[in-house]
Amino acid sequence: MVKRAAMLSVSLFFSSSSSSHLLFLSKTLTKRTCFSSLSTMSINLNAHAFAGNPIRSKTPKAHDPLSPSSAFQSLKTHLLQNPETTSLPPPPKSPLFKVLPFRKGRPLASSSITGNNDDDVPIWHLGWISLPDCKNFLGKCGVDLTEDSLVYLGSKVEDDVVYWAVDVSGESRLVPELGDKQFCFVELRTLMVATDWSDSIAMGELAIAGHARALLEWHNLSRFCGHCGEKTIPKEAGRRKQCSNESCKKRIYPRVDPVVIMLVIDRENDRALLGRQSRFVPRMWSCLAGFIEPGESLEEAVRRETYEEAGIEVGEVVYHSSQPWPVGPSSIPCQLMVGFFAYAKSLEINVDKEELEDAQWHSREVVRKALAVAEYKKAQKTTAAKVDQMCKGVEKGRSLSADFNVESGELTPMFFPGPFAIAHHLISTWANQGVPTDGVEASSKQPSSSISNL
């Protein structure tokens, strides 16, 4: 059997080549969240990063003006109109269209500072532009915007707005054009770290960007039919594709790759199994993870991957939560991370060096201390400032490796993915089980499949 890489992209963001600015280890966190059970998230989130998309909670009925089919018909009418040569009014009951351009997987973004204080943190925003402006920008580059190049993302009934995404990777002349208006194409991973997880609007925009990137990357990967090799054409406003071969007409739907990610627990000795890959930055540890193989259940995948990677046999498997993860490689447009607590039946570690650099048992006390010195908020603020500089065209090079140190200047012994990753919540909810916070002692019950706080 060909093995898949462990830990996967839930931790790819922390590779040694790209992650020095992502996590800052300094003073102890000043605010803790009360844990009612192991299923409660360590940092109070309404949903995981990339979940909770506010514009796709419900798909309108086909006759609704905001539905994919109705909006697509209105879109075609709008694109056929030339405002310089026609005085025709817009289609009746036509909603407002907003477009989010992407370039090489990066969404268009802007940044602003709402206050006047020096310590005010910039807030990034998605770079929505109107349909006429999008058509105008591309027209200046000699490109005609067509309905098949736009992908339906969702709508907001209360605002009568339909949202679309478009891939403009081939139009390099757009970069200075949009840069003059203080827009910039920013890596989705960077926006993820720059997002204030206490800001529901910002978390919603991150979810929209993740959904859009996953769809556009899937479109790029599915340009040809896997059955007969003919070109595919978009259908249903870009929500699926179909083979153009009349004798084939195979339907193709967006790809989702399910991945199990698990915190393996040694109940008897109150420890958790954590691993690291060679590409991780020094002292970085995370949960084990792996793709689900055809013909196996989620629980079976947890047991197989844990044994393959670390030689540990697992018995009971308990569901925690799931997270869409659209920031992996472009060849895997959107992974679905399915999180579990897994209870070890054996304790002797036998690491598969092709998948992991190391795997070790860590006591709850050690993990808890490592979480306490990880200043994730500082990482968020610093990355938000970087995005602001990028959008204003004044990004400065800076080495931030020193920010991995604790306040005394010493290196922290270990750290974990930040609050934007499900791995963080698996680790922190286990570590803080039973910890008194704000005078209230959390329950000491074993993990539950309840996810009421998600």
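The values are calculated or read from the model by the stated rules, or taken from the named source; none is laboratory data. Please read these numbers as outputs of a predicted model, since none were measured by experiment. Because the Cβ atoms are built from the backbone with ideal geometry, glycine has one as well, and the counts that use them run over all protein chains shown. Just the protein is used for accessible areas: all its heavy atoms, side chains included, with ligands, DNA and RNA removed. Shrake-Rupley method; radii C 1.70, N 1.55, O 1.52, S 1.80 Å.
Could you order the peptides 156-169, 273-286, 420-433 from most to least packed, using the average number of other C-beta atoms within 10 Å per residue?
420-433, 273-286, 156-169
Using a probe radius of 1.4 Å on heavy atoms only, what accessible surface per residue do you get for region 257-390? Whole Å² is fine.
37
Hey, any idea what % of region 257-390's accessible area is carbon plus sulfur with a 1.4 Å probe?
Ligands and nucleic acids excluded, carbon and sulfur give 49 percent.
Could you let me know the centre-to-centre spacing of region 339-359 and region 203-231, using Cα atoms, in angstrom?
Region 339-359 and region 203-231 have Cα centres separated by 33 Å.
Set the Förster radius R0 to 60 Å, insert the Cβ-Cβ distance between Asn136 and Glu246 as r into 1/(1 + (r/R0)^6), and round the FRET efficiency to 0.05.
The computed FRET efficiency comes out at 0.95.
Using only the Cα atoms of region 257-390, build the gyration tensor, take square roots of its eigenvalues as a ≥ b ≥ c, and label the shape rounded, prolate or oblate: rounded if a/c is under 1.5, else prolate if a/b is larger than b/c, else oblate.
It comes out oblate by the Cα gyration axes.
Which of Lys156/Lys181; Lys61/Lys381; Lys76/Lys231 have a Cα-Cα distance over 32 Å?
Flagged as over cut-off: Lys61/Lys381.
Which of the aspartates and glutamates could a cross-linker bridge to Lys386, judged by Cα under 19 Å and excluding same-chain residues fewer than eight apart?
Filter leaves Asp118, Asp119, Asp120, Asp180, Glu187, Asp196, Asp199, Glu205, Glu375, Glu395, Asp403.
Take peptides 317-323, 360-366 and line them up by average Cβ neighbours within 10 Å, highest first, as a rough protection proxy.
The packing order, highest mean first, is 317-323, 360-366.
Alpha carbons only, please: Rg and Dmax for region 181-282, in angstrom.
My reading of the Cα-based Rg and Dmax gives 20.4, 63 Å.
Just subtract the alpha-carbon distance of Asp120 and Leu96 from 0.36 nm times their residue separation and send over the number in nm, one decimal.
The span from Asp120 to Leu96 would gain 5.4 nm if fully extended.
For region 108-249, with all protein chains present and a 1.4 Å probe, just round the carbon and sulfur fraction of the accessible area to a whole percent.
With neighbouring chains kept in place, the figure for region 108-249 is 45 percent.
Report the equivalent ellipsoid semi-axes for region 120-227 in whole Å, largest first, defined as the square roots of five times the eigenvalues of the gyration tensor built from alpha carbon atoms.
Each semi-axis is √(5λ); the values are 24, 19, 16 Å.
Could you check the simple spin-label distance between Leu336 and Glu268, using points 7 Å along Cα→Cβ, in nm with one decimal?
Inter-label distance under the simple model: 3.7 nm.
Students often check this: by mean Cβ neighbours within 10 Å, which of 205-213, 181-189 ranks highest, and how do the rest follow?
205-213, 181-189
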